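Undergrad: Shown below is the structure under consideration.
The values are calculated or read from the model by the stated rules, or taken from the named source; none is laboratory data. The structure presented is a predicted model; accordingly, all values stated were derived computationally and were not measured. Note that each Cβ is placed from the backbone with ideal geometry, even for glycine, and that neighbours are counted across all protein chains shown. To get the accessible areas, we keep the full protein, side chains included, count just its heavy atoms, and leave off ligands, DNA and RNA. Shrake-Rupley method; radii C 1.70, N 1.55, O 1.52, S 1.80 Å.
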Amino acid sequence: MKPLFKRWRQRFDPLAKLEKQRSALCTQHQCPPALLPLFAAAYPHADTDLNSLSYLVIDFETTGLNPMVDHILSVASVPIDDSCLKLSESRHDFVAQQHIKQDTAVINHIVPQMLQSAVSLDQVMAQLFTQMQGRIVIAHGSNIEKRFIQHYLAMKYKLQSFPLLWLDTLKLERTFVATQQQRDYQLGCVRRHYGLPEYINHNALIDAIAAGELFLAQIIRLFGSQDKTLGEIYKRSL
């Protein structure tokens, strides 16, 4: 029965499917050497206790939504260990040599003077990938971050597959609603529903902190005093 159950799990368990993709990326020599440490360890099983895992909440500020024509302006990250945000280990890096659009500057408040201490996109992304090692990545509305990371990897490494383990607080929140006639799913609006304090929007570091706090609140809402398992929250993030 065990081999049969294993085949069933690999076919229907999304985490098992992702692990299969990760393993294939490494064993078939498709992964660039610079990214091998990121995929070296097997992903946790669906029944893994969430409190035993480490996370990295990330947020990008960009000039737009299309990585083909737009650019990353800044990248922020905040680790979570033992259900606590490690603010002392957070990062907020600005990307050098980017043109600041006037309309996006009004939104994210990034002006050319702030980029004087910026570093190259390669340096920013290399640092981010290092921070991701051994951690589950969290973002609110992760499609933007996924899109820009995938475009970067395709341009730099010709890499088409990036089987990273993500959790998405926006998608998770949608699963709590019986109907789709839901309020605004923007980060600030969702936080207000949980009674979390209001922060300034469209600053990558502040948004990463805000998403991390929201994630911890969502775990309590979803599981209460029950066992908190990765599989349930991962399925809700797809």
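Undergrad: Which of (1) out of contact with any helix residue (DSSP H, G or I) (no Cβ under 9 Å at 6 or more places or on another chain); (2) open to solvent by less than 20 Å² (accessible area, probe 1.4 Å); (3) within 23 Å of Leu85 (Cβ to Cβ) does Val190 not meet, given it meets every other one?
TA: (1)
Undergrad: Given the criterion part of a loop (DSSP other than H, G, I, E, B), aliphatic (A, V, I, L, M), surrounded by 14 or more Cβ atoms within 10 Å (Cβ to Cβ) and modelled with pLDDT under 95, identify the matching residue among Leu164, Leu196, Leu159. It would help to see each step written out before you state the result.
TA: On the way: Leu164 fails: modelled with pLDDT under 95; Leu196 fails: modelled with pLDDT under 95.
Sole residue among the options that is part of a loop (DSSP other than H, G, I, E, B), aliphatic (A, V, I, L, M), surrounded by 14 or more Cβ atoms within 10 Å (Cβ to Cβ) and modelled with pLDDT under 95: Leu159.
Undergrad: Ok, one more. Return the only residue of Leu50, Leu65, Leu87 being touching a residue at least 12 places away in the same chain (Cβ under 8 Å) and closer than 29 Å to Lys158 by Cβ.
TA: None of the other options fit; the residue is Leu65.
Undergrad: Next question, about the same structure. Name the residue, out of Val69, Val57, that is more than 16 Å from the chain's Cα centre (by Cα) and either of a type in the set (Val, Ile, Thr) or assigned to a strand (DSSP E or B) (or both).
TA: Working: Val57 fails: more than 16 Å from the chain's Cα centre (by Cα).
Testing whether each residue is more than 16 Å from the chain's Cα centre (by Cα) and either of a type in the set (Val, Ile, Thr) or assigned to a strand (DSSP E or B) (or both) leaves just Val69.
Undergrad: Of the numbered conditions (1) more than 23 Å from Asp122 (Cα to Cα); (2) modelled with pLDDT of 90 or more; (3) of a type in the set (D, E, K, R), Glu89 fails exactly one; give the number of that condition.
TA: (1)
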